[in-house]
Amino acid sequence: MNLIDTINTDYLPKHIAIIMDGNGRWAKQKGLLRSIGHENGTKSVRETVESSAQLGVENLTLYAFSTENWNRPKLEVQTLMKLLVSSLKKEIKTLQENDIRLQAIGCLESLPKKAHKELLEVIEKTKDNKRMCLTLALSYGSREELINTIKQISLKVKNNIISIENIDESVINEHLYTQNLPDVDLLIRTSGEQRISNFLLWQIAYAEFYFTKVLWPDFTKEHLYEAIIEYQKRERRFGKTSEQLH
Ligand code: FPP
């Protein structure tokens, strides 16, 4: 039996988030430049995006570039931005064919002009697609997102649009970059690191974590299926006892 046949498609995670880590180590192991690692990482991005959509996952969020990544050597940042532009140009077809809507979260204004423009174009072209929402976290940091949220809500309090008593989880959710997305059900990180690295801190409150040693450029659809199968074996209690759930 194929791995995919063991997945219960009635109990898929509604939102999968992935920290794609290990491009640099993958390249180093092969005596190649880090940029080649990133380039090969884009193949895993395509395979993961396509297979998630085909399986029926409704939301996939990929950590493509963090606010901290701006501190990498200039050449590496340039490579990543170039890869973003070329991938957007190339993959618009994949997105349309699979009915995938693209959106982006993060401080998008800080992206190079060309990348920003290309991104907005693909977002616009795919805006009516329905099958899956693909969110790229670009120049994204969760603390920055939370600061932005707090500022927006504070301003509304100051202008008497919201009263302090009415601030609850839904108000916070509505002011996050991820306002249209459900909470993360399954968070995957590749390359053996077991950290969250400032990714979706609010949204992962009840997520299942799945860490794999596989380096991102080696990550295939079978690895994705394995993560989903593991997720389906776990009991999600949301603070309740096992007896209350059954
Ligand atoms: C982590 O590997 C990966 C990144 C910093 C960026 C992820 C980018 C891609 C997969 C390619 C471009 C993406 C898109 C959406 C076009 P690392 O460099 O931190 O690896 P290391 O920890 O082994 O050094």
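The values are calculated or read from the model by the stated rules, or taken from the named source; none is laboratory data. This one's a predicted model, so the numbers in the text were calculated from it and none came from an experiment. Positions of Cβ are generated from backbone atoms using ideal geometry, with glycine treated the same way; all protein chains shown enter the neighbour counts. Note: accessible area is taken over every heavy atom of the protein model, side chains too, but ligands, DNA and RNA are not part of it. Shrake-Rupley method; radii C 1.70, N 1.55, O 1.52, S 1.80 Å.
Remarks
- Here H246 does not qualify as of a type outside the set (D, E, K, R) and either surrounded by 17 or more Cβ atoms within 10 Å (Cβ to Cβ) or touching a strand residue (DSSP E or B) at 6+ places or on another chain (Cβ under 6 Å) (or both).
- Of the criteria (1) open to solvent by less than 80 Å² (accessible area, probe 1.4 Å); (2) modelled with pLDDT of 95 or more, which one E235 fails: (2)
- Leading residue by the ranking (farthest from the ligand (Cβ to nearest atom)) among those in the range 20-41 that are in a helix (DSSP H, G or I) and of a type in the set (A, V, I, L, M): I36
Yes/no matrix, rows are residues, columns are (1) of a type in the set (D, E); (2) farther than 28 Å from Y206 by Cβ; (3) free of Cβ contacts under 8 Å to residues at least 40 places away in the same chain; (4) in a helix (DSSP H, G or I):
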| site | (1), (2), (3), (4) |
| --- | --- |
| I4 | no, no, no, yes |
| I18 | no, no, no, no |
| K43 | no, yes, no, yes |
| T48 | no, no, no, yes |
| Y63 | no, no, no, no |
| K89 | no, yes, yes, yes |
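- Within the range 38-49, the set of residues being in contact with an Asp or Glu (Cβ under 9 Å, 6 or more places away or on another chain) and among the charged types (D, E, K, R) comprises R46 only.
- The residue that is farthest from D185 (Cα to Cα), counting only those in the range 42-62 that are open to solvent by 70 Å² or more (accessible area, probe 1.4 Å) and either over 18 Å from the mean Cα position of the chain (by Cα) or within 11 Å of the ligand (Cβ to nearest atom) (or both), is K43.
- So Y210, is it open to solvent by 30 Å² or more (accessible area, probe 1.4 Å) and closer than 16 Å to K14 by Cβ: yes
- Some residue of the range 99-107 being open to solvent by 30 Å² or more (accessible area, probe 1.4 Å), within 11 Å of the ligand (Cβ to nearest atom), out of contact with any Cys (no Cβ under 8 Å at 6 or more places or on another chain) and under 22 Å from I196 (Cβ atoms): no
- The residues listed here are L146, L201, L224; of these, the one that is crowded, with 19+ Cβ neighbours inside 10 Å and within 18 Å of Y63 (Cβ to Cβ) is L224.
- Within the range 124-137, if we keep just the residues that are more than 10 Å from the ligand (Cβ to nearest atom) and open to solvent by less than 40 Å² (accessible area, probe 1.4 Å), the residue that is nearest to Y63 (Cα to Cα) turns out to be T135.
- Options I153, I92: the member that is away from the ligand (no atom under 13 Å from the Cβ) and in contact with a helix residue (DSSP H, G or I) (Cβ under 7 Å, 6 or more places away or on another chain): I153
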